[in-house]
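Please treat every number below as a calculation from the coordinates, not as lab data. Everything numeric here is computed off the predicted structure, so don't read it as measured data. Glycine also receives a Cβ, built like all others from the backbone with ideal geometry; neighbour counts cover every protein chain displayed.
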């Protein structure tokens, strides 16, 4: 049996012409910069850390890039918490990538996107230090990912 609250929500969504899923899909757009950047960093981390069973070798540069991405993610997470954002409210990842070459290039694109999203002006003075550290760490991760691409001759 449905609760009155759920029924009321479904009625409201149907009156407004929305589905509950469509309304929920836009949750991250209220505070997109840090949250989208965090999502991009998580995806970039997975792309850099993923080991293909056909080619299980990993270069040291890939491991260093993974560490740099983790550090940048932690700084953004800290900034988001200080800024009062819900860090569990994250946009979905885009899982389109190909081979190792495609993964590293996609990771680089995501790191550039994360840098762009975080580089906007920060109103909360308490979060500025975390933000500046995150930008430096994102740049370091991009440098390390570029080094990994060169190590593989991509």
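Descriptive notes on the structure:
- Here the simple spin-label model places points 7 Å from the Cα toward Cβ, and for residue 105 and residue 57 these points are separated by 2.1 nm.
- Peptides 83-90, 119-126, 101-108, 131-138 ranked from most to least packed give 131-138, 101-108, 83-90, 119-126, packing being the mean of other C-beta atoms within 10 angstrom over each peptide's residues.
- Taking 0.36 nm per residue of sequence separation and removing the Cα-Cα distance, the residue 146/residue 128 pair yields an extension gain of 3.8 nm.
- The stretch 31-151, relative contact order in percent, only Cα pairs under 8 angstrom and at least six apart counted: 44 percent
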